[in-house]
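Participant: The structure is given below, and queries will be raised subsequently.
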């Protein structure tokens, strides 16, 4: 079994600065939200301001949960994303109306396939966790369909489950898989790379939202996501990329490399979010769920990681890993 450090982050000067920076941003956001509630909304119900404050409160909870998982080491991080994948897969499959996936297969996916995928990741079995779900989706389930005697109907009924396993489980599992990489001979470096990915992907989402509210005029994809604007998208991606350049000291990247990789993460995050918005629009839903106040479901927060996570993992594995 792979050796796992008790914590994936070292308590360094950069660590405390990062924690202080995140806490300061969230504190400022909370204070700003309360000022807006009192001054603008006059303590009365206000859809936009109330939603903003819900988002901020949820970010506090998310930040604390992720922080505790990081302190718990690779086991804590793997468990957190396994639970997130379970919730996301359930949202993805059950929001299809009418629900066509056989209940027994969905239960099998949640109770067997998802835990097994994350056990393989935690164990560090690279060949196993990178081929298990793709083999199941592209070979195993089609073969089961042939054995059922009605392959076409079976594949039609399991299409959403197969897509969900690839997007919500396989792709997302590459986030904790980052902890299996050895970069620069520093055991804590992989933990900081995971933090780097999460920060850039999620902050890009937040900044796109803020830029869109402040300066957004022209919708970038009105038929798929009417709330996304050209100004919000460009402003958010550019700002997050500059932030990534500023965090280069946490990574093995130069400042220019960090900026370019951040740009790649944000562009892929935008593409992934837009693709998932298209799925939601086709199903006639606004959010994937209601678990996270102000944000929607778990998948509404993970959609910006679906494409960046595996790409970032393989860029690191073949570009910087020892």
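Participant: Which condition number does residue 222 fail, the rest of (1) farther than 21 Å from residue 173 by Cα; (2) touching a helix residue (DSSP H, G or I) at 6+ places or on another chain (Cβ under 7 Å); (3) surrounded by fewer than 18 Cβ atoms within 10 Å (Cβ to Cβ); (4) free of Cβ contacts under 8 Å to residues at least 40 places away in the same chain being met?
Facilitator: (2)
Participant: What number of residues within segment 20-44 satisfy the criterion of being in contact with a helix residue (DSSP H, G or I) (Cβ under 7 Å, 6 or more places away or on another chain), in a helix (DSSP H, G or I) and more than 30 Å from residue 190 (Cα to Cα)?
Facilitator: Residues in segment 20-44 being in contact with a helix residue (DSSP H, G or I) (Cβ under 7 Å, 6 or more places away or on another chain), in a helix (DSSP H, G or I) and more than 30 Å from residue 190 (Cα to Cα): 5 in total.
Participant: Follow-up question, since we're still on this one. Within segment 300-320, is there a residue that is more than 29 Å from residue 121 (Cα to Cα), part of a loop (DSSP other than H, G, I, E, B) and over 15 Å from the mean Cα position of the chain (by Cα)?
Facilitator: Scanning segment 300-320 turns up no residue that is more than 29 Å from residue 121 (Cα to Cα), part of a loop (DSSP other than H, G, I, E, B) and over 15 Å from the mean Cα position of the chain (by Cα).
Participant: Could you please tell me which pairs satisfy a Cβ distance under 6 Å, a separation of 6+ or placement on different chains, a first residue in segment 237-250 that is without any contact (Cβ under 8 Å) to a residue 12 or more places away in the chain and on the phi < 0 side of the Ramachandran plot, and a second residue that is surrounded by 20 or more Cβ atoms within 10 Å (Cβ to Cβ) and assigned to a helix (DSSP H, G or I)?
Facilitator: These pairs meet every condition: 248/258.
Participant: Suppose the filter is modelled with pLDDT of 90 or more and over 17 Å from the mean Cα position of the chain (by Cα); does residue 94 pass it?
Facilitator: yes
Participant: Could I ask something else about it? Does residue 190 satisfy the condition of being within 18 Å of residue 311 (Cα to Cα), touching a strand residue (DSSP E or B) at 6+ places or on another chain (Cβ under 9 Å) and buried (at least 22 other Cβ atoms within 10 Å of the Cβ)?
Facilitator: It is true that residue 190 is within 18 Å of residue 311 (Cα to Cα), touching a strand residue (DSSP E or B) at 6+ places or on another chain (Cβ under 9 Å) and buried (at least 22 other Cβ atoms within 10 Å of the Cβ).
Participant: Could you go through segment 266-286 and let me know if any residue there is surrounded by fewer than 15 Cβ atoms within 10 Å (Cβ to Cβ), modelled with pLDDT of 95 or more and farther than 19 Å from residue 209 by Cα.
Facilitator: Checked segment 266-286: no residue is surrounded by fewer than 15 Cβ atoms within 10 Å (Cβ to Cβ), modelled with pLDDT of 95 or more and farther than 19 Å from residue 209 by Cα.
Participant: Among the residues that make up segment 86-109, is at least one of them free of Cβ contacts under 8 Å to residues at least 40 places away in the same chain, surrounded by 18 or more Cβ atoms within 10 Å (Cβ to Cβ) and under 16 Å from residue 310 (Cβ atoms)?
Facilitator: No, there is no match, as no residue in segment 86-109 is free of Cβ contacts under 8 Å to residues at least 40 places away in the same chain, surrounded by 18 or more Cβ atoms within 10 Å (Cβ to Cβ) and under 16 Å from residue 310 (Cβ atoms).
Participant: Are any of the residues in segment 159-168 surrounded by fewer than 20 Cβ atoms within 10 Å (Cβ to Cβ) and touching a strand residue (DSSP E or B) at 6+ places or on another chain (Cβ under 6 Å)?
Facilitator: Looking for residues that are surrounded by fewer than 20 Cβ atoms within 10 Å (Cβ to Cβ) and touching a strand residue (DSSP E or B) at 6+ places or on another chain (Cβ under 6 Å), one finds none in segment 159-168, hence no.
Participant: Here's another thing I want to ask about it. Any chance segment 243-266 includes a residue that's in a helix (DSSP H, G or I) and either closer than 25 Å to residue 131 by Cα or in contact with a strand residue (DSSP E or B) (Cβ under 9 Å, 6 or more places away or on another chain) (or both)?
Facilitator: Looking through segment 243-266, at least one residue is in a helix (DSSP H, G or I) and either closer than 25 Å to residue 131 by Cα or in contact with a strand residue (DSSP E or B) (Cβ under 9 Å, 6 or more places away or on another chain) (or both).
Participant: Could you run through segment 261-278 and say how many residues are without any contact (Cβ under 8 Å) to a residue 40 or more places away in the chain and out of contact with any helix residue (DSSP H, G or I) (no Cβ under 8 Å at 6 or more places or on another chain)?
Facilitator: Summing the residues that are without any contact (Cβ under 8 Å) to a residue 40 or more places away in the chain and out of contact with any helix residue (DSSP H, G or I) (no Cβ under 8 Å at 6 or more places or on another chain) in segment 261-278 gives 2.
Participant: Please find, among 127, 105, 147, the residue that is at pLDDT below 95 and in contact with a helix residue (DSSP H, G or I) (Cβ under 8 Å, 6 or more places away or on another chain).
Facilitator: None of the others qualify; the one that does is 105.
Participant: Here's a follow-up. If residue 249 satisfies every condition in (1) modelled with pLDDT of 90 or more; (2) within 20 Å of residue 320 (Cβ to Cβ) but one, which is the exception?
Facilitator: Checking residue 249 against (1) modelled with pLDDT of 90 or more; (2) within 20 Å of residue 320 (Cβ to Cβ), the one that fails is (1).
Participant: Among the residues of segment 287-297, which ones are surrounded by fewer than 24 Cβ atoms within 10 Å (Cβ to Cβ) and touching a helix residue (DSSP H, G or I) at 6+ places or on another chain (Cβ under 7 Å)?
Facilitator: Within segment 287-297, 287, 289, 291, 292, 293, 294, 295, 297 qualify.
Participant: Next question, about the same structure. Filter segment 45-82 for residues that are more than 20 Å from residue 298 (Cβ to Cβ) and in a loop (DSSP other than H, G, I, E, B) and give the result.
Facilitator: 45, 46
Participant: Given the criteria more than 14 Å from the chain's Cα centre (by Cα), part of a helix (DSSP H, G or I) and modelled with pLDDT under 95, does residue 239 qualify? Outline the logic, then answer.
Facilitator: On the way: more than 14 Å from the chain's Cα centre (by Cα): yes; part of a helix (DSSP H, G or I): yes; modelled with pLDDT under 95: yes.
Judged against the criteria, residue 239 is a match.
The values are calculated or read from the model by the stated rules, or taken from the named source; none is laboratory data. Remember, predicted model here, so these are calculated numbers, not experimental data. Quick reminder, even Gly has a Cβ in these numbers, built from the backbone with ideal geometry, and neighbours come from all protein chains shown.
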